[in-house]
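Colleague: Pasting a structure below so you can have a look.
The values are calculated or read from the model by the stated rules, or taken from the named source; none is laboratory data. All values reported here derive from a predicted model rather than from experimental measurement. Please note: Cβ atoms are built from the backbone with ideal geometry, for glycine as well, and neighbour counts cover all protein chains shown. Surface accessibility is based on the protein's heavy atoms, side chains included, excluding ligands, DNA and RNA. Shrake-Rupley method; radii C 1.70, N 1.55, O 1.52, S 1.80 Å.
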Amino acid sequence: MVDQMGVFALQRALTQAAELLDTVTADDLTRPTPCPEWDLRKLANHMIAQPRVFVTMLQGSPPGWDGREDYAVNLGEELRTRGNALINLWREVGPDDMVMVDPDWQSAEIAVHTWDLAVSLGRTTDGLDEAVAQRAVVAMDRILGPERKGRAFANALSAPEGSDAYEHLAAYAGRPVPFRGEPLRSAPSH
């Protein structure tokens, strides 16, 4: 049975990410991100690809992360379109359907990259829905634990005292989270 609160958190995570992507300008696309091998354009296109990949996984196929997304304009709208397809598919999952994916995990992925995007743009996460990030930390802990062997996220770190829920999520995903007002240090992986 699908946890509808997880689907709601995923929808909220996608909405917030799309709103932040709406603010990206052409000049922003070359900005660095918390992941040293990615610029903002690559991060934005990864975020846009995620709902397509999640739809494929929800339909029972291999994810296929190597998509051909290369958008430079209408980034928020691209994410909204794909995110709506994903949410609509989640709503079609019946109580007896067996699914091997988790909306909370998908929400966690989007939320971590929303923090990456906010930091890349020089913004805080103060206006984002902290419940999404709090739920994402729980999902990451349940699915990955604090010590990671994979390449998607590094081992969990501690966030500085006074951090908000998104900063705690970023640290749990292995991102070095600076104290407010300090410059960002690069993370070892995306």
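Colleague: With the dipole of the chain worked out from charges on the C-beta (+1 for Lys and Arg, -1 for Asp and Glu) around the Cα centre, which of Gly76, Ala171, Ala18 lies farthest toward the positive end?
Modeller: Toward the positive end, the furthest listed residue is Ala171.
Colleague: For the range 95-178, what is the accessible area per residue in Å² when the probe is 1.4 Å?
Modeller: With all protein chains present, the range 95-178 gives 45 Å² per residue.
Colleague: If you keep only loop residues by DSSP, which trypsin sites (Lys or Arg not before Pro) in the range 111-152 have at most 16 other Cβ atoms within 10 Å of their Cβ? Could the numbers behind the result be given before it?
Modeller: Working: sites: Arg123, Arg135, Arg142, Arg148, Lys149, Arg151; in loops: Arg123, Arg148, Lys149, Arg151.
Filter output for the range 111-152: Arg123, Arg148, Lys149, Arg151.
Colleague: What fraction, in whole percent, of alpha-carbon pairs in the range 1-134 exceed 25 Å separation?
Modeller: Counting every Cα pair in the range 1-134, those more than 25 Å apart make up 23 percent.
Colleague: Sort out the exposed loop GluC sites (Glu not before Pro) in the chain (DSSP loop, at most 12 other Cβ within 10 Å) and tell me the longest stretch that has none.
Modeller: Answer from the scan: 38-146.
Colleague: Once you've got the GNM for the chain with C-alpha springs shorter than 10 Å, pick whichever of Ser158, Ser107, Ser61 has the biggest mean-square fluctuation.
Modeller: Result for the chain, Cα springs under 10 Å: Ser61 fluctuates most.
Colleague: Give me the dipole magnitude in Debye, nearest 20, for the chain about the Cα centre, with unit charges on the beta carbon: positive for Lys and Arg, negative for Asp and Glu.
Modeller: Using only the charged Cβ atoms, the result is roughly 360 debye.
Colleague: Add -39500 (n - 2.57) for each DSSP H run of 4 or more in the chain, then divide by its residues: what number comes out at 222 nm, to the nearest 500 deg cm²/dmol?
Modeller: That comes out to -16500 deg cm²/dmol.
Colleague: Here is a further query. Just read off the accessible area of Phe8 with the full protein assembly in place, 1.4 Å probe, to the nearest 10 Å².
Modeller: 120
Colleague: Using the Kyte-Doolittle scale, which helices in the chain average at least -1.0 and also have C-alpha atoms spread 18 Å or more along the helix axis, with helices defined as whole DSSP H runs?
Modeller: Qualifying helices, which must be both long enough and hydrophobic enough, are 4-21, 40-58, 75-92, 103-120, 130-143.
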